[in-house]
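Trainee: The structure that follows is given in the form of structure tokens.
All of the numbers you see were taken from the coordinates with simple rules; none came from a lab. Here the structure is a predicted model, which is why all the values come from computation and not from measurement. As a convention, Cβ positions derive from the backbone with ideal geometry for all residues, glycine included, and neighbour counts pool all protein chains shown.
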Amino acid sequence: MSQLYFATSARSAVGLVRSGNEDSGVVSPHLIAVADGMGGHAAGEVASRIAITSLADLSQVFATSDIDPESADDIYLNSIYSIDADIKEAVADNPELTGMGTTLTSLFLRGDKVALLHIGDSRAYRLRGNSLEQLSVDHTVIQELLSQGAITESEIATHPQRSVLTQVLMGDGKLELPLPIFEGKIKDRYLVCSDGLSSVLTDKEIKSLMKGKDRDAVVTALIDATYINGAPDNVTVVIADLVEEVQPTNIEKIGAAQ
């Protein structure tokens with residue numbers, strides 16, 4: 001099993017409508033993640049910050065080289081319960097935060113395997129060659145209706161429940177998530193983003209902007225494109241290329257987690 005690394009570029013922007021940033025993110029050579037918070041009175045930014053901070057802290061356990069792969073995957077998967085418990089504790093300490101929640105979409109690179117931890121409607125994509133694949137499945141009413149064949153893609157934009165989530169981290173402990181694992185290949189390019197990007201740009205537009213540019217230029221192009229289209233929400237973008245070269249070990253937080 002070869003050891004690969006995430007070479008990353010990331011940015012979180014407020015957008016053109018919101019007054020504050022409820023998105024958080026983190027990047028490191030072995031972990032990338034985005035959390036999109038929700039809840040009034042700045043509670044959304046608290047929830048996303050808790051998710052990213054807790055995950056980043058736990059990554060110093062599951063992403064170390066001296067832990068066996070099975071244990072690393074278990075700790076990574078179970079980090080979702082630790083985050084949920086931290087959110088519950090924060091609400092107990094400050095009842096004004098009641099009702100806050102957050103999505104979390106994260107990729108953990110172990111050797112040449114990429115594990116996906118995902119809840120909500122933030123997304124993870126992989127660009128391999130000329131093929132862009134959405135690795136995550138949205139936890140939304142719309143996605144359930146699409147999967148059932150009850151609606152078509154063309155009906156999504158005008159559907160009254162297009163923004164309703166079916167799963168999210170809210171401290172209620174009701175979590176049953178899989179941990180899909182993908183084989184990573186050198187030159188794979190991954191995108192993890194909040195729905196401030198994916199709800200504004202089509203997959204075709206995202207693919208076009210992800211190709212043929214360095215990581216920093218891709219991040220700039222994606223965020224600029226959301227602004228051109230009105231940027232109605234916070235937008236957070238993480239781009240990560242799979243490389244063999246050893247990367248700096250620092251963990252960088254963005255958005256509300258800074």
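Trainee: Mean 1/r over all different Cα pairs, inverted: what Kirkwood radius does the chain give, in Å?
Mentor: 18.3
Trainee: Determine the dipole magnitude for the range 1-140: charges of +1 sit on the beta-carbon of Lys and Arg, -1 on that of Asp and Glu, nothing else is charged, the reference point is the Cα centre, and the result goes in debye to the nearest 20.
Mentor: 580
Trainee: In whole Hz and in residue order, list the ³J(HN,Hα) couplings for the range 42-59 that follow from phi through the Karplus curve 6.51 cos²θ - 1.76 cosθ + 1.60, θ = phi - 60°; x for Gly and Pro.
Mentor: With coefficients 6.51, -1.76 and 1.60, one gets 6, 5, x, 5, 5, 5, 5, 5, 4, 4, 6, 5, 5, 5, 5, 5, 5, 5 Hz.
Trainee: Please check which bits of the range 67-100 a label hung off K174 would reach, taking the label as a point 7 Å along Cα-to-C-beta and the cut-off as backbone N under 16 Å.
Mentor: Inside the label zone: 84-85, 88, 99-100.
Trainee: Picking from T140, T202, T102, which is most flexible by a Gaussian network model of the chain using Cα springs under 10 Å?
Mentor: T202
Trainee: Once phi is turned into θ = phi - 60°, what whole-Hz ³J(HN,Hα) does the Karplus curve with 6.51, -1.76 and 1.60 give for every residue of the range 21-34, x standing for Gly and Pro?
Mentor: The phi angles translate into 10, 9, 8, 9, x, 8, 9, 7, x, 10, 8, 10, 7, 9 Hz.
Trainee: Okay, moving on. Jot down the radius of gyration and Dmax of the range 60-196, Cα atoms only, both in angstrom.
Mentor: Taking only Cα atoms of the range 60-196, I get Rg and Dmax of 16.9, 50 Å.
Trainee: Could I ask something else about it? State the extension gain, in nm to one decimal, for the chain segment bounded by Q258 and Q3, taking 0.36 nm per residue of separation less the distance between their alpha-carbons.
Mentor: Computed gain between Q258 and Q3 is 88.9 nm.
Trainee: Taking θ as phi - 60°, what are the ³J(HN,Hα) couplings along the range 137-149 by the Karplus curve (6.51, -1.76, 1.60), each to the nearest whole Hz, with x for Gly and Pro?
Mentor: 10, 4, 8, 9, 4, 4, 5, 5, 5, 5, 4, 7, x
Trainee: Now for a separate question. Roughly speaking, what is the stretch gain from A150 to Q247, that is 0.36 nm per residue apart minus the C-alpha to C-alpha distance, in nm to one decimal?
Mentor: So the extension gain works out to 30.3 nm.
Trainee: List the pair-distance distribution P(r) of the range 117-258, using every Cα-Cα distance, as the percent of pairs falling in each 10 Å bin from 0 up to the bin containing the longest distance, rounded to whole percents.
Mentor: 10, 36, 38, 15, 2
Trainee: Related question: Any idea which of A35, N21, A231 is furthest toward the positive side of the dipole for the chain, if Lys and Arg beta-carbons carry +1 and Asp and Glu beta-carbons -1?
Mentor: Toward the positive end, the furthest listed residue is A231.
Trainee: Can I ask one more? Please state, as a whole number in µm²/s, the translational diffusion coefficient that the Stokes-Einstein equation yields for the range 1-108 at 20 °C and 1.002 mPa s, with Rh defined as the Kirkwood radius across alpha carbon pairs.
Mentor: 145
Trainee: Same structure, new question: Expected output is a single nm value to one decimal: the length gained when fully extending between T166 and E96, i.e. 0.36 nm times separation in residues minus the C-alpha distance. What is it?
Mentor: Taking 0.36 nm per residue and subtracting the Cα distance, the gain is 22.9 nm.
Trainee: I need to check one value: relative contact order of the range 133-258, counting alpha carbon pairs closer than 8 Å and at least 6 residues apart, in percent.
Mentor: Relative contact order here is 25 percent.
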